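Peer 1: Can you keep this structure in mind? I'll have questions shortly.
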Amino acid sequence: MIIYNVTVKVDNEVADAWVKWMKTEHMADVLSTGLFSDCRLNRLLEQDESEGLTYSAQYFCNSISEYNNYIEHHSASMREKGQKLFGGKFAAFRTVMEII
């Protein structure tokens, strides 16, 4: 099983709207690709929150080929939607992990 993890620092002023968008729209859009079986949104604790809140969005898929398919065919349009809504109000970095 592969975990595609996106860690995001979101400006305090848009954090509530960003979480709502993630939970009601974005994560559903990612799952609708059919490449992921589940997802979770987590808030990181014990972080400096003076410049924003930090979240981890995790998407679970069965194989690295499904992940690669998502990156090749879907990720650009998904990221574009977030930029249109919250551009300049967040910073993200991505990691890929394998469950052992």
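Peer 1: Cross-link partners among aspartates and glutamates for Lys23, C-alpha distance below 18 Å, same-chain residues fewer than 8 apart left out?
Peer 2: Asp11, Glu13, Asp38, Glu80
Peer 1: Compute the acute angle (0 to 90°) between the alpha-carbon long axis of helix 75-86 and the principal axis of greatest extent of the alpha-carbon atoms of the chain; round to the nearest 10°.
Peer 2: For helix 75-86, the angle is close to 10 degrees.
Peer 1: Something else about it: Calculate how steeply helix 64-73 sits against the longest principal axis of the alpha-carbon atoms of the chain, using the helix alpha-carbon long axis, and give the answer as 0 to 90 degrees to the nearest 10.
Peer 2: For 64-73 against the chain, the angle is about 60 degrees.
Peer 1: Still on this structure, please answer the following. Just how large is the dipole of the range 1-42 about the Cα centre, in debye to the nearest 20, putting +1 at every Lys and Arg Cβ and -1 at every Asp and Glu Cβ?
Peer 2: The calculation lands at about 140 debye.
Peer 1: Among Leu35, Leu53, Leu45, which one shows the biggest mean-square fluctuation in a GNM of the chain, springs joining Cα atoms closer than 10 Å?
Peer 2: Answer for the Gaussian network model of the chain: Leu45.
Peer 1: Tell me which label goes with the value of Cα extents along the principal axes in Å computed from the coordinates here: (1) 42, 33, 20; (2) 67, 46, 22; (3) 38, 30, 19.
Peer 2: (3)
Read the figures in this text as sums done on the coordinates, not as results from a lab. Here the structure is a predicted model, which is why all the values come from computation and not from measurement. Positions of Cβ are backbone-derived with ideal geometry, glycine not excepted, and every protein chain shown enters the neighbour counts.
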